Each structure stands twice: as structure tokens, then as C-alpha cells.
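To start, the structure under review is shown below, and the notes come after it.
The values are calculated or read from the model by the stated rules, or taken from the named source; none is laboratory data. Since this is a predicted model, take the numbers as computed values, not measurements. Please note: Cβ atoms are built from the backbone with ideal geometry, for glycine as well, and neighbour counts cover all protein chains shown. We work out accessible area using only protein heavy atoms, side chains counted, and drop any ligands, DNA or RNA first. Shrake-Rupley method; radii C 1.70, N 1.55, O 1.52, S 1.80 Å.
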Amino acid sequence: MTLNDVWFALFILIIAGYLLLDGFDMGVGILLLPLARTDVERRTFLNSIGPVWDGNEVWLILGAGVLFAVFPLAYASLFSGMYSAFMLVLFVLILRTVALEFRSKETSPRWRSTWDAVFGLASLGLALALGIAFGNVVSGLPVDANGNFSSGLTGLLTPFALLVGVTTAAMFSVQGGIYLLLKTEGELYDRIARTVPRLMVVFFVLNTVVVIAMVMFHQEITERYTTDIWPVIFPAAALAALGGAWLFVRRGEAFKAFLCSSATIGLLLISGGIGLYPNLIVSTLDPAYSLTVYNAASAENTLEVALIIALIGIPFVLLYTAGVYYIFRGKTVVDHHGY
């Protein structure tokens with residue numbers, strides 16, 4: 001195993017960490033408007049993620065930093081070719097932050113409802129955008145011999161990518177709903193507990209449709225995913241984990257359900273990474289133009305130094321994350337003013 005392989009595996013794990021953590025943030029936002037009926041309930045939703053949401057996004061920054069330092073050619077190709085899409089992602093990230101910060105600055109119901117709607121729609125938009133981006137990476141991009149491609153926002157909205165985007169939003173809704181079971185109680189808890197199993201069914205159906213679409217309309221993807229047994233084992237394990245999450249939700253064991261839901265997300269991402277390996281960006285023009293963990297990587301000494309820094313820094317990020325979640329464990333309670 002080379003340093004390139006190690007960094008590919010580490011990059012997948014970092015992105016998985018982001019999806020597990022910020023995924024429930026987005027899920028809480030997606031469920032905010034449909035499930036929270038009063039101002040106090042909406043504040044409960046927001047307070048449940050208030051102490052942790054910004055720390056969760058550290059993993060996104062870490063993933064982008066790894067891509068920039070370790071696989072700079074892939075970074076340059078993605079961020080230049082999908083510039084408009086990444087600007088949209090940045091826009092909805094800013095909207096989510098502004099909505100959380102501004103929401104309680106005024107007591108006016110209209111003011112609060114407006115920012116609640118902004119946060120909910122921005123969370124849904126971010127989930128869709130991430131899913132669409134992943135769908136395009138999985139299906140391939142028109143990368144030329146120089147590693148360049150150019151695609152406007154509409155060019156990325158293929159049927160397959162949109163399907164993956166909707167599936168991603170459903171997946172994060174499940175993750176967010178289970179997280180809310182850990183943080184709520186009473187009537188609100190009961191309402192969420194009735195909704196989460198239904199969301200799991202929706203996610204399962206959509207994920208199944210994604211697999212069918214890959215088999216029927218993207219034979220080149222299917223070939224990449226059927227050359228080894230591992231891309232089959234990991235999705236099967238993800239399905240088992242989703243079944244475990246459903247069972248634990250029905251039993252009222254929210255923490256175990258959250259672990260299983262997190263395992264589902266992580267296993268699906270790992271299976272996607274295994275299916276792509278050794279490619280980072282698959283070229284639809286010519287497979288020889290694809291950017292891989294070898295031809296898109298930095299020099300050997302850069303990979304060595306970056307790995308040393310990562311081995312020192314990542315444990316601190318993990319320690320900080322674990323500490324924050326431990327300190328703010330338990331149910332979320334707000335007063336009747338909704339603060």
C-alpha cells in the first residue's frame with residue numbers, strides 16, 4: 001500500500017465524518033418546518049444542534065484541505081469545472097449560519113418564522129447539492145486530457161444526479177430524525193418517532209431506485225462496481241445497519257438507532273469510494289483522462305509531511321468533537337419564550 005492509497009482511504013473517512021455529523025444538522029433543518037409546529041418546538045430543534053453544528057463543519061474544511069494539499073489536480077479540476085455549483089453550496093452554507101444567528105435577535109413571530117424557513121430550505125438545498133455532486137462524481141465528468149472540464153449548474157442536473165440528490169436528502173432526514181429522538185421528549189418526541197420509520201422506508205426505496213438506475217442506464221458504473229466483492233459487501237452491510245436502525249427506533253432505543261444510521265451512511269460512502277478506486281474523477285470522454293490517486297497527487301515528500309500533520313491534528317479534532325458531544329448530552333429544553 002502506497003501513501004497515495006493511505007490518503008485516499010483517509011480522505012474517504014474524513015468525508016464520512018462530515019456526512020455523519022453535519023448530516024444530522026441538515027436532517028434537523030429539513031424536518032424543522034414539517035414537524036415543529038410551535039415556536040418552542042422549532043427552538044428545540046435549533047437548540048439541539050446549536051452547540052455542535054459549527055464544529056461539525058470543521059470536517060468539511062478538513063476534507064477540502066486534504067483535497068487541496070494531497071490531490072491538488074483533482075481539487076483544481078472540480079472547483080474550476082463546478083464553480084457555479086460550489087458557489088451555490090457556499091451560498092446555502094452562509095444562509096444556514098445567518099438563519100441560526102439571526103433567528104432569536106427579534107421576538108416577532110414573522111421574523112422568527114422567516115429565518116426558520118430560510119434555515120429549513122437552505123438545509124434541504126445543501127443536502128440536495130451534496131447528493132447531486134456525488135452523483136456526478138460517481139457517474140463521471142467530461143474531463144479532457146489536461147484534466148479540465150467546464151459544466152454550468154444546469155449541466156450537472158442529470159436525472160441520475162438528481163435522483164442521488166433526493167436520496168441524500170432522505171438519508172440525512174433519517175439521520176436528523178434519529179438525532180432528534182435523542183434530544184426531545186413528550187409529544188414532540190412521539191411525533192418524530194412516528195415519522196422516522198416512514199422516512200427510512202422512503203430512503204430505502206430511493207436507494208434501491210439508485211441501484212436499479214445504475215444497472216439499467218449506467219453500465220460503465222456497474223462494471224466498476226462488480227469487478228470486486230467489496231463493493232457488494234459494504235452496501236449489504238449498510239442495508240443491515242439500516243434495518244437495525246429501524247428496529248431500534250421501534251424499540252425506543254435512539255442511541256443504538258443513531259449508531260446504526262451513522263454506520264449506514266459511512267458504509268455507503270465507503271462502498272462508493274471502493275467502486276471509484278483508484279479514480280478520483282472518472283472521465284466520460286476517455287478513461288485514460290481520468291484523475292486517479294496517482295496522477296492527481298502531490299509529490300511523495302508532500303504526502304509524507306501531510307500525513308504526519310494529519311496524525312497529529314486529527315486526534316485533537318476527534319477529542320474536541322467527543323468533548324462537545326459529551327458536555328451537551330441529554331435532552332434539549334427551552335423556556336416558553338423559545339430561547
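Summary of values
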{"read-out": "Cut-off under 5 Å, modelled amide H: who pairs with Leu280 long-range", "value": "Leu291, Thr292, Val293"}
{"read-out": "Charge dipole magnitude, Cβ of K and R +1, D and E -1 - region 123-276, Cα centre, debye nearest 20", "value": "460 debye"}
{"read-out": "Gain on full stretching of the segment that runs from Ser108 to Ser80 - 0.36 nm per residue minus C-alpha separation", "value": "5.9 nm"}
{"read-out": "Translational diffusion coefficient (Stokes-Einstein; Kirkwood radius from C-alpha pairs) of region 243-339 at 20 °C, 1.002 mPa s, in µm²/s", "value": "119 µm²/s"}
{"read-out": "Percentage relative contact order, region 1-124, counting C-alpha pairs under 8 Å, at least six apart", "value": "35 percent"}
{"read-out": "Tensor-based shape of region 71-217 (alpha-carbon gyration tensor, a/c under 1.5 rounded, otherwise prolate or oblate)", "value": "oblate"}
{"read-out": "Spin-label model distance (nm) - Asn146 vs Val211, 7 Å beyond Cα toward Cβ", "value": "4.2 nm"}
{"read-out": "Order by protection proxy (mean Cβ within 10 Å, highest first), peptides 197-204, 314-321, 99-106", "value": "197-204, 99-106, 314-321"}
{"read-out": "About the Cα centre, charge dipole magnitude for the chain (Lys/Arg +1, Asp/Glu -1 at Cβ), debye", "value": "1140 debye"}
{"read-out": "Stokes-Einstein translational diffusion, the chain - Kirkwood Rh over all Cα pairs, 0.692 mPa s, 37 °C, in µm²/s", "value": "158 µm²/s"}
{"read-out": "Charge context of Gly244, other residues only, Cβ under 14 angstrom, K/R +1, D/E -1", "value": "+2"}
{"read-out": "Gain in span if fully extended, Thr154 to Val6, counting 0.36 nm per residue against the direct Cα distance", "value": "49.8 nm"}
{"read-out": "Cα centroid separation - region 9-40 against region 253-281, whole Å", "value": "15 Å"}
{"read-out": "Derived scalar couplings ³J(HN,Hα) [region 294-301; Karplus, 6.51 cos²θ - 1.76 cosθ + 1.60; whole Hz; x for Gly, Pro]", "value": "9, 7, 10, 8, 6, 5, 4, 5"}
{"read-out": "Charge-dipole axis of the chain as Lys and Arg at +1 and Asp and Glu at -1 on Cβ define it, positive-most pick from Ile312, Thr332, Leu268", "value": "Thr332"}
{"read-out": "Debye equation applied to the C-alpha atoms of region 138-291, log10 I(q)/I(0) at 0.10, 0.18, 0.21 Å⁻¹", "value": "-0.43, -1.05, -1.27"}
{"read-out": "At most 13 other Cβ within 10 Å, DSSP loop - trypsin sites (Lys or Arg not before Pro), region 11-102", "value": "Arg37"}
{"read-out": "When the convex hull of its Cα atoms is projected in every direction, mean area for region 1-74 (nm²)", "value": "5.9 nm²"}
{"read-out": "Under Karplus coefficients 6.51, -1.76 and 1.60, residue-wise ³J(HN,Hα) of region 74-80 in Hz, glycine/proline x", "value": "5, 4, 5, 5, 5, 6, 8"}
{"read-out": "Region 249-293: Cα Rg divided by the 2.2 N^0.38 Å rule of thumb", "value": "1.82"}
{"read-out": "Contact order normalised by residue count of the chain, Cα under 8 Å, 6+ apart, percent", "value": "28 percent"}
{"read-out": "Whole-percent carbon and sulfur share, accessible surface of the chain, 1.4 Å", "value": "71 percent"}
